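Encoded as structure tokens, the structure appears first; notes follow it.
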Amino acid sequence: MASILSLFPLLILHTLLLAPTKTYSQTDPILTYCAGDTNYTVPSTFSANLDLLLFNLTSSPHDAGYFSNTTVGAASSAPAYGLAQCRPDISASDCSTCLNLSASAATTRCHLRKSAAIRFDYCILHYSDQSFFGRPVDDQLRTIYNNYNASDPTGFYRQIRDLMDEISSQAAERESKFGVGMANFSQYENIYAMAQCTRDLSETDCSTCLDKAAGCLPICCYGHIGAQALKVSCTVRFETYPFFAQSFIPPPPPGSSSSRNSGNGTDTTGDGKSNNTTKVVLIVAISVVAVLMVLFAICICLRRRKVFRKELLIDGDEEEFRSSESLLFDLGALRAATNNFSDANKLGEGGFGLVYKGTLLDGREIAVKRLLGSSAQGLVELRNELVLVAKLQHRNLVKLLGCCIEEQERLLVYEYLPNSSLDKFLYDPIGRQQLDWGSRYKIIEGMGRGLLYLHEDSRLRIIHRDLKAGNILLDGDMNPKISDFGLAKLFGRDETHGNTSRIAGTYGYMAPEYALHGHFSTKSDVFSYGVLVLEIVTGRRNSGFKGSGNSLDLLGYVWQHWTEGMATQVIDQILGNQYEAREVLRCIHIGLLCVQEEPAERPSMASVILMLSSSSVTVPPPSPPAFLMSSGTGTVRTSLSGGGSSSGSTTREPRTGKSKLVSLNDVSITEMEPR
């Protein structure tokens, strides 16, 4: 007891040091955004409208979660548009104080500017001479971080990523656009996190904004025990102390113990005739039948799991089996859902087999991938997807619901995505018209975030090895989800590259070091990502592309125009002028960086996301890409020299063994002997 009492002074000191301060009372805001090309004058119509707007926004009743967006002035008389919002976990008086500070800071720090935004910890105030409601502000991302480092930076960051994904989804879905959460990092340390958007944003725009903010944290603030990433439209923050009202943390799911204690031991038969012989016999008979049915069901289940174990546990990994066997689907249910795999329900076909749309009895729509025949390779790919995808959870990865191995069927069950795959839009002249630049940029960014999760943020480093337009699925809002992990390779956290004598993937997307020598790494996926970026920008297929004669593929075609200062000529003409030129050119620049010949010169996916998220990040100049083409005697590897010329160094590698000449058509390669 005395030893416990002796710890009290330390505990009190620890509490005082970590207690959050009321940062709304500080004179300096955490974000200041001054915009507008011209200043307004005083007196003027806009000046009068702005004064009235600020009065309305700061003097209205401020209840918990106060939010107001309003306009003062007619459209023809210099209107002022304004938004004010407080965090829902603060009091009305704190909200009022914070907004008054914001109004004062805006007019002082952004003197006479027609557009300004001020963010304190507790509130944000934004006004402009142009309507901005419902549109995220495209401002520069800002970061603040704590100088102290975590004892285990890798584990600490992984915990933050999981927590940020969870609360960002909550914030995007809620009307308050506010989400908080807490996770235990160690016995003595918790992590508290917050995500918030302005309430005028849609769920999709809020989610996109939070992804950009959270995606910056591993670059700027890796290992720090506290950090905040801010934009005008959203913010994310984490600390090792509670900086928000803990009553807002969602309660854990209720346990089942309460329901087990609800009985009171009272006889409910009511008439006291429970000793009646007929009733006893009936109860015994029902019990016996029930027990027999349960035993029968257990036998069926064990038989199914025995088959599952025999066919899937190729390398005897019992731990992976135990984590996956709970995902079993009943074959009869899947046959009923897909109308017995009818052609009318067929969604597509690939090297693995056919994919069907189905609807389960509970109304859920699913996509069922069906292995054709008894291919051993297909079985390995099925197991690979089951073990990998079941453990991966990210908004830009397709969700695996389960599998089925019964009779001669081997099936994988996924979430159904109504817009099919990217290639159905990108390579179709009519479908491509539905891809405006906003959708294309969202796909480019979403693919990058999915790859970053595979390479850095999941429990193991995963190389996809078959990233292409056909493996990018699109949901109803055109959000991309990476699919098809049948060829993926699993690395330990300390592994960086590997070699294989079985070259598998799709020509045209393969990195040259992988296609020619079997060397693969995260930079192999970066190369494939770069090809996809250039395809999305140009609206052209890389494989089989004829750009300038027969010597250049799409990469050479883009490089030639880039070096000649005519990069805008490669942009898909279907877009017309409906795009932000600086943003498109930045994507072309990043795409060329990703397809450089030397793997070491290609950026990591973390760097790619940072370059996409922040226009202030300097993008280094790219070196010439490599491209592959076929000839009558072997595979030719060509490096493009500067100035767009294709007269650079060329090496011809002889074919040996069983290797076959592979053209640049969109061909899936399943096996190729090493050179």
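Give me the net charge for the shell around K231: Cβ to Cβ below 12 angstrom, other residues only, Lys and Arg +1, Asp and Glu -1.
Working: positive: R119, R142, K212; negative: D138, D139, D205, D211.
Around K231, the charge tally is -1.
Arrange the following residues from fewest to most other Cβ atoms within 10 Å of their Cβ: E203, E175.
Numbers: E203 15, E175 8.
Sorted ascending by nearby Cβ count, the order is E175, E203.
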What residues have an amide H closer than 5 Å to that of L354, excluding those fewer than 5 places away on the same chain, when H is modeled at 1.01 Å from N in the peptide plane? R370, L372
Tell me, what ³J(HN,Hα) does each residue in the stretch 567-573 have, in order and in whole Hz, if you take phi through Karplus 6.51 cos²θ - 1.76 cosθ + 1.60 with θ = phi - 60° and put x for Gly and Pro? 4, 5, 6, 8, 5, 3, 5
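Mind checking the full-extension length gain between Y427 and N146? Use 0.36 nm per residue of separation minus the Cα-Cα distance, one decimal, nm. List each step's numbers first, then the result.
Values: separation 281, 0.36 × 281 = 101.16 nm, distance 4.76 nm.
Between Y427 and N146, full extension yields 96.4 nm more.
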In the structure shown, of K231/K468; K212/K523; K212/K424; K177/K357; K481/K523; K114/K231, the pairs separated by more than 30 angstrom at the C-alpha atoms are K231/K468; K177/K357
Phi to ³J(HN,Hα) by Karplus 6.51 cos²θ - 1.76 cosθ + 1.60 over the stretch 592-597, Hz, x for Gly, Pro: 5, 4, 6, 9, 4, 5
Sorted by chain and number, the residues with a modelled amide H under 5 Å from that of T506, at a separation of 5 or more or across chains, are I669
Quick calc: nm separation of the 7 Å Cα→Cβ label points for D138 and E175 -> 3.2
Taking the number of other C-beta atoms within 10 Å as the exposure measure, put V232, V558 in order starting with the fewest. V232, V558
quick shape note, the stretch 24-128: Cα extents on principal axes in Å, largest first -> 38, 25, 17
Modelled label reach - A64, point 7 Å along Cα→Cβ, the stretch 78-101 residues with backbone N closer than 14 Å: 87-95
H464, H561 arranged by Cβ crowding within 10 Å, fewest neighbours leading: H561, H464
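Find how much the distance from S47 to Q573 grows on full extension, using 0.36 nm per residue of separation minus their present alpha carbon separation; answer in nm with one decimal. Kindly include the intermediate steps, with their values, before the conclusion.
On the way: separation 526, 0.36 × 526 = 189.36 nm, distance 4.31 nm.
Once the chain is fully extended between S47 and Q573, it gains 185.0 nm.
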Under a point spin-label approximation (7 Å from Cα along Cα-to-Cβ), what is the Q130-N100 distance to one decimal in nm? 3.4
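Taking the Cβ of F248 as the center, what net charge do the other residues with Cβ under 12 Å away carry, scoring Lys and Arg +1 and Asp and Glu -1? Kindly include the intermediate steps, with their values, before the conclusion.
Values: positive: R87, R174; negative: D89.
Once all neighbours under 12 Å are counted, the net charge is +1.
A short reminder: the numbers here are calculations on the coordinates, not readings from a lab. Since the structure is predicted, the reported quantities are computational estimates derived from the model, not experimental observations. Methodologically, a virtual Cβ is constructed for each residue, glycine included, from the backbone with ideal geometry; neighbour enumeration extends over all protein chains shown.
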